[in-house]
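Presented below is the structure to which this report refers.
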Amino acid sequence: MILEKINHANDIKKIPAEEYGLLADEIRERIIECVGRNGGHLSASLGVVELTMALHLILNLPDDKIIWDVGHQSYAHKLLTGRNADFDTLRQHGGISGFPSIAESDCDAFGTGHASTSLSAALGFVKARELNGGSNTIVAVIGDGALTGGMAYEALNNCGDVNSNFIIILNDNDMSISPSVGGISKVLNNVRTGQKYNDLKYSVKNRLAKIPGYGEELIGKIHKTKSSIKQFFIPGMLFEDMGITYLGPVDGHDINKLIRTIKLAKRVNHAVLIHVHTQKGHGCPYAEKKPSFYHGIDAFDVENGEPYSNGKIRTYSDVFSSAIIKCAKKDDKIVAVTAAMSDGTGLKRFEKLFPDRFYDVGIAEEHAVTFAAGMAAAGYKPYVAVYSSFLQRSFDQILHDVCIQKLPVRFIVERAGIVGKDGITHQGIFDLSYMNIIPGMTVMAPKNRFEFRDMIEFTANFDGPVAIRVPRGAASDVYSDVRNPVEYGKSEFLKGGSKVAILAVGTGVEIAGQVIELLKPRGIDPALVNARFVKPLDEKLIDSLEGKYRLIVTIEENVLKGGYGESVLEYVNSCNMDIKVYNAALKDEFIEHGSVDYLRDKYGLNADVISSNIINMIK
């Protein structure tokens, strides 16, 4: 096994060139094996194996820096930097992260997990190098999807000011910026990066400048003519016009061409972009055939690619899909907006049925929110479906463009709470807090799939900003025998009791049910309230608890600070109520990767811990 010879960064340089192909095959086999067992991002990592090898053959890690955008494609990089022996622990608690992590390896120059960040971070490294007088190489690898994000364009705008080498690799696996022009492009790549060409160019420019009266005019005409020729022959003039030298397109699976092009790029004394064409899922037939399906996948049979789950689980995304379609059939003002998450949010069916009312704006969450605000101001009823951890990127737009103007934008906050193996950058544990502090925002969370459907129908004619928060995975059926109409700002009593009243938010209702079962043998019979609304707080319900209960317990899968529990505690204290409050929530810290159940146990958001604390508090 060639891969077993690579135990440290830069060990790949010891591998003979004739074995590169075999090494690429072994890397793919290792990735497929571990993702098949643990789940993960398959297609993206399979698509950049040769590109990753080429970078590692030329660069000297960790002195040189590679910043991977998002990080979905970083598995091969991890295998080539001494993590092969531990790769079986991919996405397991305490094991290898599914994304680059500076805490995991000094070869992971920058931790990523959200898109469109690599260029900004890499520019920071470039400017730091210039200040330090260093000479190491900085490379940012960004995909064509991530390039749709506004932050990437903000960074590109600054790239023209770079006065030292900075390599941007555009990993294009889905679109073509412009067609290749064969031999002309190859020749120009070599000519324009050659030292003799650059020396000649500056020499001619300096000599012309010395001609009295005509020199500057001649320089301008030559520059204009040269630019016109480049516009005709050279792909990527968008980048050229921003002051970024363009090289490519290059076959991303031809390691020799990649090596030659990266070497050329290192000779450029400003920002240079290498346009690389790759195939998602390359080398794995079923991933090549369905690259989106195998982008992020749970455990599967590596022989045929079939997921081990039966695929019949009804998720909250499925419920949203059916409910919004039902509403849209009745109301032609309802539109759907997402940010490159149509599959994950269940909007694919909506798109097929209402193509003129569906908008996927790409990886641009900020734009999605303000775009929806514009539609709302124009009289439409937009539903914006975005994952919790990505919606936090749009905080300013939610506050400034939606809530200040009291516009009826409906947010479906997917994958809220602990999401598990995607880890620290993807846990949706802050949304209740950042939405709870915004005046005029209404925040809801259903106890089960039936209530989620009712909440969607309730918001169809809601006149103001509103968010419905749902977790990842199977849609719950807990307490499905209780289905009261949704009333604005009103909680729902699920059962009466004595001594203790549990107020639970969303997934907290199921946890609360488990708590109640553990307390029964101890002679404690808590009441259970489904909060439904995190904001506005149901103050009348809280008022009704005083004198009847000794302890209020709140349960939410969100950080404690700024969440529902703190709102309840603040209200109780402000009214000087004679009742204790115990908030069960997540601590003020980031949560690493691991299974949802394991992480709930570790951070004390489970029935055993909560019931034990309740017993101690009412003694």
- Query: Looking only at segment 42-63, which residues are of a type in the set (A, V, I, L, M, F, W, C) and out of contact with any strand residue (DSSP E or B) (no Cβ under 9 Å at 6 or more places or on another chain)?
  - Reply: Leu46, Val49, Met53, Ala54, Leu57, Ile58, Leu61
- Task: Kindly indicate whether any position in segment 507-523 is surrounded by 22 or more Cβ atoms within 10 Å (Cβ to Cβ) and either part of a loop (DSSP other than H, G, I, E, B) or at pLDDT below 95 (or both).
- Result: yes
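Here is a yes/no grid of residues against (1) more than 17 Å from Phe590 (Cβ to Cβ); (2) among the β-branched types (Val, Ile, Thr); (3) crowded, with 23+ Cβ neighbours inside 10 Å:
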| residue | (1), (2), (3) |
| --- | --- |
| Asp64 | yes, no, no |
| Asp69 | yes, no, yes |
| Ala76 | yes, no, yes |
| Gly94 | no, no, no |
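Filtering segment 1-10 down to residues that are touching a residue at least 12 places away in the same chain (Cβ under 8 Å) and over 31 Å from the mean Cα position of the chain (by Cα), which residue is surrounded by the most Cβ atoms within 10 Å (Cβ to Cβ)?
Initially, segment 1-10 is screened for residues touching a residue at least 12 places away in the same chain (Cβ under 8 Å), giving 1-4, 6-10.
Narrowing further to those that are over 31 Å from the mean Cα position of the chain (by Cα): 1-2, 4.
Working: Met1: 11, Ile2: 16, Glu4: 9.
The extreme case among them is Ile2.
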- Query: Of the residues that make up segment 330-345, is at least one in the same structural domain as Gly420 (by TED's automatic domain parsing) and part of a helix (DSSP H, G or I)?
  - Reply: yes
- Candidate set from segment 127-150 (those that are in contact with a helix residue (DSSP H, G or I) (Cβ under 9 Å, 6 or more places away or on another chain), modelled with pLDDT of 90 or more and not in a loop (DSSP other than H, G, I, E, B)); member that is farthest from Leu51 (Cα to Cα): Ile138
- Is one or more of the residues making up segment 554-562 part of a helix (DSSP H, G or I) and in contact with a helix residue (DSSP H, G or I) (Cβ under 8 Å, 6 or more places away or on another chain)? no
- Task: Please determine, by comparing only the residues of segment 284-300 that are surrounded by fewer than 16 Cβ atoms within 10 Å (Cβ to Cβ) and over 17 Å from Tyr75 (Cα atoms), which one is modelled with the lowest pLDDT.
- Result: Ser292
- Item | Tally, over segment 299-328, of residues that are more than 26 Å from Ala416 (Cβ to Cβ) and without any contact (Cβ under 8 Å) to a residue 12 or more places away in the chain | 2
- Task: Taking Gly362 as meeting all but one of (1) in a helix (DSSP H, G or I); (2) among the small types (Gly, Ala, Ser); (3) within 20 Å of the chain's Cα centre (by Cα), write down the number of the exception.
- Result: (1)
- Note on the structure: Leu432 fails exactly one of (1) within 30 Å of Thr112 (Cα to Cα); (2) surrounded by fewer than 21 Cβ atoms within 10 Å (Cβ to Cβ), namely (2)
- May I ask you to verify whether Ala24 is surrounded by fewer than 24 Cβ atoms within 10 Å (Cβ to Cβ), touching a residue at least 40 places away in the same chain (Cβ under 8 Å) and not charged (D, E, K, R)? yes
- Message: Whether any residue in segment 305-318 is at pLDDT 95 or above, surrounded by fewer than 19 Cβ atoms within 10 Å (Cβ to Cβ) and among the basic types (Lys, Arg) is what I want to check.
- Response: no
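The values are calculated or read from the model by the stated rules, or taken from the named source; none is laboratory data. The model shown is predicted, which means the values in this text are computed figures rather than measured ones. Cβ: placed from backbone, ideal geometry, glycine included. Neighbour counts: every protein chain shown.
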